[in-house]
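Scroll down for the structure; my scribbles are underneath it.
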4 protein chains.
Amino acid sequence: MIFASDNWSGAHPAVTQSLERHGAGFAAAYGASDIDKAVERRFNEIFEREVAVYFVGTGTAANSLSFAAVNRPGGVVMCHREAHIAQDECGAPEFFTHGARMVPVEGALGRMDPGHLVSELGRFRPGFVHAGQPMAVSLSQATEAGTLYSVTEIAAIGEIAHERNLAFHMDGARFANALAATNASPAEMTWRAGVDILSFGATKNGCWCAEAVVFFDPKQAEQFPYIRKRGAQLFSKTRFMAAQFAAYLDGGLWLELAAHANAMADALREGIGRSAHARQAWDTRSNEIFAVIETATAERLRTEGATFYDWNAPHDMPGLVREGEGLYRLVTSWSTERGDVDRFCDLIA
Amino acid sequence: MIFASDNWSGAHPAVTQSLERHGAGFAAAYGASDIDKAVERRFNEIFEREVAVYFVGTGTAANSLSFAAVNRPGGVVMCHREAHIAQDECGAPEFFTHGARMVPVEGALGRMDPGHLVSELGRFRPGFVHAGQPMAVSLSQATEAGTLYSVTEIAAIGEIAHERNLAFHMDGARFANALAATNASPAEMTWRAGVDILSFGATKNGCWCAEAVVFFDPKQAEQFPYIRKRGAQLFSKTRFMAAQFAAYLDGGLWLELAAHANAMADALREGIGRSAHARQAWDTRSNEIFAVIETATAERLRTEGATFYDWNAPHDMPGLVREGEGLYRLVTSWSTERGDVDRFCDLIA
Amino acid sequence: MIFASDNWSGAHPAVTQSLERHGAGFAAAYGASDIDKAVERRFNEIFEREVAVYFVGTGTAANSLSFAAVNRPGGVVMCHREAHIAQDECGAPEFFTHGARMVPVEGALGRMDPGHLVSELGRFRPGFVHAGQPMAVSLSQATEAGTLYSVTEIAAIGEIAHERNLAFHMDGARFANALAATNASPAEMTWRAGVDILSFGATKNGCWCAEAVVFFDPKQAEQFPYIRKRGAQLFSKTRFMAAQFAAYLDGGLWLELAAHANAMADALREGIGRSAHARQAWDTRSNEIFAVIETATAERLRTEGATFYDWNAPHDMPGLVREGEGLYRLVTSWSTERGDVDRFCDLIA
Amino acid sequence: MIFASDNWSGAHPAVTQSLERHGAGFAAAYGASDIDKAVERRFNEIFEREVAVYFVGTGTAANSLSFAAVNRPGGVVMCHREAHIAQDECGAPEFFTHGARMVPVEGALGRMDPGHLVSELGRFRPGFVHAGQPMAVSLSQATEAGTLYSVTEIAAIGEIAHERNLAFHMDGARFANALAATNASPAEMTWRAGVDILSFGATKNGCWCAEAVVFFDPKQAEQFPYIRKRGAQLFSKTRFMAAQFAAYLDGGLWLELAAHANAMADALREGIGRSAHARQAWDTRSNEIFAVIETATAERLRTEGATFYDWNAPHDMPGLVREGEGLYRLVTSWSTERGDVDRFCDLIA
């Protein structure tokens, strides 16, 4: 009953087998091998256009280097106040951009409110150097709150960004979960909705270590090879990452794995919905669940072997948790087993 | 006949199997799993003392973050003029240290000359802010020229560093090859000779992606967890790296693989020594060979399928290459096969 | 009727004369001249202890380099949400610290609320690298809202900082105004209340360009000469700054000038208090006034030659400005003339 | 007999008077005042074209921010090995560019050799990320060795830079001395010879603190206001700098002052030429002289009150200084008096 995080899961057998298959023999280093090139072409297919793809080692690197690619002096990234880039990356986006600032935008349930975004952007007058200048808008899909933006919502934010000549970035650490939970295609959820740069995460969803920065306008990536190398994110044996992506993207495996994680979350949501001792803090749609649980129940669950994290209530939901209750986050993954979910639901009933 | 670089090799089957074995099930992320801890203990055994070990994704990251850990404002790293950190890392050490400078020290065949080191250090008077201040001395073992420092030579440089209160760093991208080529133990070649921080490379020698920063004084590493995370080098599923190291360090496999690479290089050196159309540019001892080859011969070798790089002659060896000749680098690896070496030697004879 | 900012004023005649007097002849550069040394001793007298003083060219430099001196990787500075360092320095504090973050703390009227400070600090658990780590607490005295912290309030915040081993910094761009408005001595308002580093501003209060970073524990400043030079803030003819400080600090001129500015603000406050068309948005005590004025009146004042800025209402005072009104900031300075103030008060009556 | 450095001189009376004149009254801050605008127009006149001018506080800031304006990831600045930016700025250019490297180019007597420049540039293959990428060529005029580039020589280097799409920067800390020593106009010595950005120094030549970055193509400066503010180099009372420039540039004062400094240096050169105990180390043309002096004589000069610095012999002039001799640098300035020069020449005769 491990619901701590999807990064507690391991690697899918197909990924492991691909690593084994590609482990033999010699291949050009630094992204020049055949499998590197094949995976790049696969990304073009998936996104239905020519894209520029760069493998990096961590989601933090994908986000931070994305901003480095579009940074401006005194630069500002607009993001939700709970965004991973603002809360959970130890200042890496700031570090790689030499001090760009992550400016928090309000919005319910992990989603930027377009009105607040416009209002925050309005605080930066062109040419007023004291405040600095916006350079990008970034959203997370799925969000850190387990919710999703619709394609229409994404496009609305993209329009706000582009009207002001700002890059539009999507942190897709759980991009596959977002796709699997909707009918949108990868293209619809990204560049057709105005996204310029995607942090494409595969690590949480069945790979070992496979992240990519996808530029939908390859021209914007011209300096990226240098940015990545200077950022110590150019791996020598890149085929170890290409091999993971090859298996991950083959025949829709990535979407199947994400669909499984989401289905396990659905089952958990249902179980929590039936419980007399717990309730969803808010409704989520991807593989993350936020539950208000009686603390005695939570303790008992942990005693029985369930693993999940305490969570802080969002600042705009003050009455969420009552006396004798706690807020907890549960995350499912590609490797979550139905038996564990059922057992958890029985225990919480 | 791939002699382009040891990073053109793949992963050793034991490494692949370890990844497979550790791929199943759940484990705590970010370095907290059992195998992470076990590998940390293994490093203690290998170095015969308590060390602080941090996994990172690339050798460039290992070097750059090492310097970040001991940096000073206006800081200077003393290194050989051909050092990888100075020539081949796209300014990453400078980037991660916010502008520390890599100051080149002269020395024959890739090895810093202690006299030149002292003389260069002498240019920095304490408190004279205009010049900046040294903060570390860094050497590569094996060197970029395929040569080795003896333990005594390392200790002599270490003494120069410590007398001036400078950190002493070793770039061990080919550390195993250096050990395998000498009788020194890991402890003798590092902290017993004064080394404070080691970039411990395993990628080139049979892993996929496994590098570590080893602090011999764990106190010097106190801020390193933050330095690594801010540098986007904290991987979530760290057990993918731990699993590689576990196999790599198990029962001396790492030294066997390096010994094999060195032996293949010995055979190449011998073949080149017998050739009427080629000669060693200088004698090397690890898995790198620098050969002066008649250009016609080199072309023929390439036509026959041999892969190796053109190389620039060191600036202190002006008459090295004559008309009709070229300088080339050949690198062997854990996966170099005897048959390929023999065929190459036959072709060059 | 120039109330736009105190940095619209010029230089006091005594400062100009000092520059003239010290302009002749030769003197050692880079802070080594007699007058540089004399001013350093004067700072010791003023603060009643040995301090380490470093001249820099701008308040932004003083703040940014202060943080660079005490920075930690993934570092965080706690400051009021309206702090100059967070809102008005184009990311310079972030730039000079390679990405440290300015985390906003709530509090009424420009003053950090100690409870909120503790609560924000509580979000950073020791060793939890994802969030980064606090490294300093910074307050502005006088605040950006024209209010003051009492010495007791400063000490309370200092205690919170020191309990957590954080540096305690004071942005004293208007330090003299704060002193002149209270009975506190420079020592009482700073190190006796726990302040470790002071950005000592003199530019706004009668100098041309004279700012200093004052370390109350000189040991904390050991690396600062290099930090300042690397930050391009070591001036060659430092006596141009020393000469300004010499006149400024001579015989209490600095406090007289600040007292004058404050008195002019008092007169403005009184006039606004009597007005039927305006009121103070909140009560201030230094040389800044925030007034809610009927927009028609404000327009008329501007037509008559008054200069002052529009201001945004603090986010925690939603009902402050009513239909037909605006919020404006008025700043007096050492050179504000009584006649201008009276005329303004007449016009607004 | 102060020949230590031209930055040991004070401020010219005309500069002081201008400061006094402009010290009264109010003026818009941050570069928006009338005198700021007037000085900007004066720069257009002097350079016979529209330029973009930005005041900064130090020569190190001018150089460092210039490079920040044209930087590329993994960037490299080509400069003479003795360039101030490489030797004397504590890594500030590296700091402000987040790790760009200053790559030394050989050349006799402080002047880059175009052949060596081409050869060093040749080491950077387009797209080869490991080495990084050139982004600027920078020369000093007058050079750190007291020599000058002819306009033709400047143009030749500019052509090399522009053929490779590199910015061409001139460190003009002693720009006036260079102009005064030749018949070239400011335009001829800069943009007509291909210079893109000039660090225009006035501090050493009669100002207190007045440096400017001049962009000959204003479009290249688009982001510079933010770069300067983020770099803590936007002064509030900019008219203190404008007032200095106004006097300095009025009626050719700047060139008169430089001509005086050069003439004093000529007299020193002549005196040294006549001496039996000293000789010029090499011929110089601006206000710097490098002299080989018998150490006994040098000691006697110092006893008599002469101030000058010991200097290191250039690495390409090994036999320059013989037993019993030393190498010394002497610098004259706008305020050097003929009497001091004559007395020095008498003492050395």
If you take the residues in the range A:17-34 that are facing chain B (nearest Cβ under 7 Å) and closer than 15 Å to B:Gly23 by Cβ, which one is surrounded by the most Cβ atoms within 10 Å (Cβ to Cβ)? A:Leu19
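Restricting the range D:164-178 to residues that are outside any loop (DSSP other than H, G, I, E, B) and touching a residue at least 60 places away in the same chain (Cβ under 8 Å), which is farthest from D:Met189 (Cα to Cα)? Let's see the steps before the verdict.
Start the filter on the range D:164-178 by keeping residues that are outside any loop (DSSP other than H, G, I, E, B), which leaves D:167-172, D:175-178.
With the extra rule that they be touching a residue at least 60 places away in the same chain (Cβ under 8 Å), the set shrinks to D:167, D:169, D:171, D:176-178.
Working: D:Ala167: 16, D:His169: 12, D:Asp171: 12, D:Ala176: 11, D:Asn177: 12, D:Ala178: 9 Å.
Among those that are outside any loop (DSSP other than H, G, I, E, B) and touching a residue at least 60 places away in the same chain (Cβ under 8 Å), it is D:Ala167.
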Among what's in the range D:104-115 and is among the hydrophobic types (A, V, I, L, M, F, W, C) and farther than 20 Å from D:Phe67 by Cα, pick the residue that is nearest to the other protein chains (Cβ to nearest Cβ). D:Ala108
Taking D:Arg72 and the conditions (1) part of a helix (DSSP H, G or I); (2) within 8 Å of another protein chain (Cβ to nearest Cβ), which numbered condition does it fall short on, given that it satisfies the others? (1)
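Would you mind finding the one in A:Glu40, A:Glu50, A:Glu45 that is more than 25 Å from A:Glu256 (Cβ to Cβ), modelled with pLDDT of 95 or more and either open to solvent by 60 Å² or more (accessible area, probe 1.4 Å) or assigned to a loop (DSSP other than H, G, I, E, B) (or both)?
Criteria check complete, one pass: A:Glu50.
Scan the range B:112-120 and give yes if some residue there is under 28 Å from D:Gly74 (Cβ atoms), of a type outside the set (Asp, Glu) and in a helix (DSSP H, G or I), otherwise no.
Going residue by residue through the range B:112-120, those that are under 28 Å from D:Gly74 (Cβ atoms) are B:112, B:116-117, B:120.
Then keep just the ones that are of a type outside the set (Asp, Glu); that gives B:112, B:116-117.
Next, only the ones that are in a helix (DSSP H, G or I) stay: B:116-117.
Among the residues of the range B:112-120, at least one is under 28 Å from D:Gly74 (Cβ atoms), of a type outside the set (Asp, Glu) and in a helix (DSSP H, G or I), which makes the answer yes.
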Go through the range A:286-319 and give me each residue that's within 23 Å of A:Leu148 (Cα to Cα), modelled with pLDDT of 95 or more and open to solvent by 70 Å² or more (accessible area, probe 1.4 Å). A:Tyr309, A:Asp310, A:Trp311
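Kindly establish whether D:Val53 is hydrophobic (A, V, I, L, M, F, W, C) and within 16 Å of the chain's Cα centre (by Cα). Walk me through it before giving the result.
On the way: hydrophobic (A, V, I, L, M, F, W, C): yes; within 16 Å of the chain's Cα centre (by Cα): no.
So D:Val53 does not fit the description; no.
Would you check if A:Ala4 is touching a strand residue (DSSP E or B) at 6+ places or on another chain (Cβ under 8 Å), of a type in the set (A, V, I, L, M, F, W, C), at the interface with chain B (Cβ under 10 Å from one of its Cβ atoms) and open to solvent by less than 10 Å² (accessible area, probe 1.4 Å)? Quick ask: steps written out before the conclusion?
Numbers: touching a strand residue (DSSP E or B) at 6+ places or on another chain (Cβ under 8 Å): yes; of a type in the set (A, V, I, L, M, F, W, C): yes; at the interface with chain B (Cβ under 10 Å from one of its Cβ atoms): yes; open to solvent by less than 10 Å² (accessible area, probe 1.4 Å): yes.
Answer is yes for this residue.
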Hey, D:Ile289 touching a Leu at 6+ places or on another chain (Cβ under 9 Å) and farther than 30 Å from D:Ala184 by Cβ or not: no
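Of all residues in the range A:53-68 being in a helix (DSSP H, G or I), in contact with a helix residue (DSSP H, G or I) (Cβ under 6 Å, 6 or more places away or on another chain) and facing another protein chain (nearest Cβ under 9 Å), which is nearest to D:Ile227 (Cα to Cα)? Give the steps one after another, and end with the answer.
Taking the range A:53-68 as the starting set, the residues that turn out to be in a helix (DSSP H, G or I) are A:59-68.
Remaining after also requiring in contact with a helix residue (DSSP H, G or I) (Cβ under 6 Å, 6 or more places away or on another chain): A:60, A:63-65, A:67-68.
With facing another protein chain (nearest Cβ under 9 Å) added as a condition, the list becomes A:60, A:63-65, A:68.
Values: A:Thr60: 26, A:Asn63: 23, A:Ser64: 20, A:Leu65: 20, A:Ala68: 15 Å.
Out of the qualifying residues, it is A:Ala68.
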What are the residues in the range C:320-336 that are open to solvent by less than 80 Å² (accessible area, probe 1.4 Å) and either at pLDDT below 95 or over 19 Å from C:Ala142 (Cβ atoms) (or both), if any? C:Leu320, C:Val321, C:Gly324, C:Glu325, C:Gly326
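Name the residues in the range D:123-163 that are part of a helix (DSSP H, G or I), of a type outside the set (D, E, K, R) and open to solvent by 30 Å² or more (accessible area, probe 1.4 Å), would you?
Narrowing the range D:123-163 to residues part of a helix (DSSP H, G or I): D:129-131, D:151-163.
Add one more test, that the residue is of a type outside the set (D, E, K, R), and what stays is D:129-131, D:151-152, D:154-158, D:160-162.
Passing the criteria: D:Val151, D:Thr152, D:Ala155, D:Ala156, D:His162.
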With respect to A:Lys204, is the statement that it is assigned to a loop (DSSP other than H, G, I, E, B), in the same structural domain as A:Met135 (by TED's automatic domain parsing) and among the charged types (D, E, K, R) true? yes
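Could you tell me which residue of the range B:213-227 is farthest from C:Gly127 (Cα to Cα), considering only residues that are within 14 Å of chain A (Cβ to nearest Cβ) and open to solvent by less than 30 Å² (accessible area, probe 1.4 Å)? Let's see the steps before the verdict.
Of the range B:213-227, the ones within 14 Å of chain A (Cβ to nearest Cβ) are B:213, B:223-227.
Next, from what is left, pick out any that are open to solvent by less than 30 Å² (accessible area, probe 1.4 Å): B:213, B:224, B:226-227.
Numbers: B:Val213: 19, B:Phe224: 11, B:Tyr226: 8, B:Ile227: 12 Å.
Once the filter is applied, the top-ranked residue is B:Val213.
Being among the β-branched types (Val, Ile, Thr), touching a strand residue (DSSP E or B) at 6+ places or on another chain (Cβ under 8 Å) and open to solvent by 40 Å² or more (accessible area, probe 1.4 Å) is the requirement here; does B:Thr238 meet it?
On the way: among the β-branched types (Val, Ile, Thr): yes; touching a strand residue (DSSP E or B) at 6+ places or on another chain (Cβ under 8 Å): yes; open to solvent by 40 Å² or more (accessible area, probe 1.4 Å): no.
No: the conditions fail for B:Thr238.
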Provide a single number: the residues in the range A:78-103 that are open to solvent by less than 10 Å² (accessible area, probe 1.4 Å), touching a Phe, Trp or Tyr at 6+ places or on another chain (Cβ under 8 Å), more than 19 Å from A:Glu120 (Cβ to Cβ) and at the interface with chain C (Cβ under 7 Å from one of its Cβ atoms). 1
If you check D:Gly127, D:Gly146, D:Gly132, D:Gly158, which single one turns out to be of a type outside the set (Phe, Trp, Tyr), in contact with a Gly (Cβ under 9 Å, 6 or more places away or on another chain) and without any contact (Cβ under 8 Å) to a residue 40 or more places away in the chain? D:Gly158
Taking C:Ala232, is it free of Cβ contacts under 8 Å to residues at least 12 places away in the same chain and either assigned by TED's automatic domain parsing to the domain that holds C:Asp342 or not in a helix (DSSP H, G or I) (or both)? yes
Under 7 Å by Cβ, and 6 or more places apart or on different chains, what pairs join a residue from the range A:97-110 that is closer than 20 Å to B:Arg230 by Cα with one that is open to solvent by 50 Å² or more (accessible area, probe 1.4 Å) and basic (Lys, Arg)? A:Pro104/A:Arg81
Does the range A:118-135 contain any residue that is in contact with a strand residue (DSSP E or B) (Cβ under 8 Å, 6 or more places away or on another chain) and more than 26 Å from D:Gly231 (Cβ to Cβ)? no
Return the pair list, or none, for Cβ contacts closer than 7 Å from residues in the range B:1-22 that are more than 14 Å from B:Asp250 (Cβ to Cβ) to residues that are in a helix (DSSP H, G or I) and of a type in the set (Val, Ile, Thr), at least 6 apart or on different chains. B:Glu20/A:Thr16
Quick check on the range C:116-129. Is at least one of its residues closer than 28 Å to A:Thr60 by Cβ, at pLDDT 95 or above, within 12 Å of chain A (Cβ to nearest Cβ) and in contact with a Phe, Trp or Tyr (Cβ under 7 Å, 6 or more places away or on another chain)? yes
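The values are calculated or read from the model by the stated rules, or taken from the named source; none is laboratory data. The shown structure was predicted, so the numbers you read here are calculated from the model rather than taken from an experiment. Backbone-built Cβ (ideal geometry, glycine too); neighbour counts: all protein chains shown. Note: accessible area is taken over every heavy atom of the protein model, side chains too, but ligands, DNA and RNA are not part of it. Shrake-Rupley method; radii C 1.70, N 1.55, O 1.52, S 1.80 Å.
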